[in-house]
Amino acid sequence: MSEGVEWALHSCVNLAWSGPDRAVSAARLAAWHDLPAAYLNKQLQALARAGILTSSPGPRGGFRLARPLAAVSLMDVVAAVEGPEEAFRCAEIRRQGPGAGEPAPDGADAADCAIAHAMTRAELAWRKALAAQNLDEIRQQAERQAPEAPRRLRAWLAAQ
């Protein structure tokens, strides 16, 4: 998983803390964590395409949350940034080289690759766990860990 997922998740929480009436530019969101603005902008645009954020152009434009954090799962953000493809792709290397297994008798398909089967089960569990947790739960935990963070962010945005 790319670091863009982490950046996108933090940006969503930061946008919630900034308030519903404030659009925040990609450059400002990037500066808060000293990230490259152009790369963060790509993640934010992906979130906007997925309907998680809205964007408005212009000097007072920027990004806002399109829906409440409670309506955005971690899986929504991962899928927006990484795409819907499975993380593991079996290339069937077991059928290549001198280690290739015997062909299936009578032309029948060989059994599924045991490794691909295990990875698919693990990915399904991982996706279910991400889908079961929303960004508002993350926001609440972040505020318990750093109660001053929302105020600090709003003050920093107002000073710029």
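Things worth noting here:
- Relative to the longest principal axis of the Cα atoms of the chain, the long axis of helix 135-145 makes an angle of roughly 60 degrees.
- Cα lying deepest toward the dipole's positive end in the chain, options 116, 53, 97, charges on Cβ: 53
- Axis angle, to the nearest 10 degrees, between helix 149-159 and the longest C-alpha principal axis of the chain: 60 degrees.
- Loop sites here are trypsin sites (Lys or Arg not before Pro) outside DSSP states H, G, I, E and B with no more than 13 other Cβ atoms within 10 Å. The longest part of the chain free of them is 90-160.
- Under a 5 Å amide H cut-off, with hydrogens placed 1.01 Å from N, residue 72 pairs with 135, 136 among residues at least 5 apart or on other chains.
- Gain on full stretching of the segment that runs from residue 85 to residue 2 - 0.36 nm per residue minus C-alpha separation: 28.5 nm
- According to the Kirkwood relation over distinct C-alpha pairs, the hydrodynamic radius of the chain is 18.1 Å.
- Percentage relative contact order, the chain, counting C-alpha pairs under 8 Å, at least six apart: 29
Quick note: the coordinates plus some simple rules give every number you see, no bench work behind them. On a predicted model such as this, the values are computed, not experimentally measured, just so you know. Methodologically, a virtual Cβ is constructed for each residue, glycine included, from the backbone with ideal geometry; neighbour enumeration extends over all protein chains shown.
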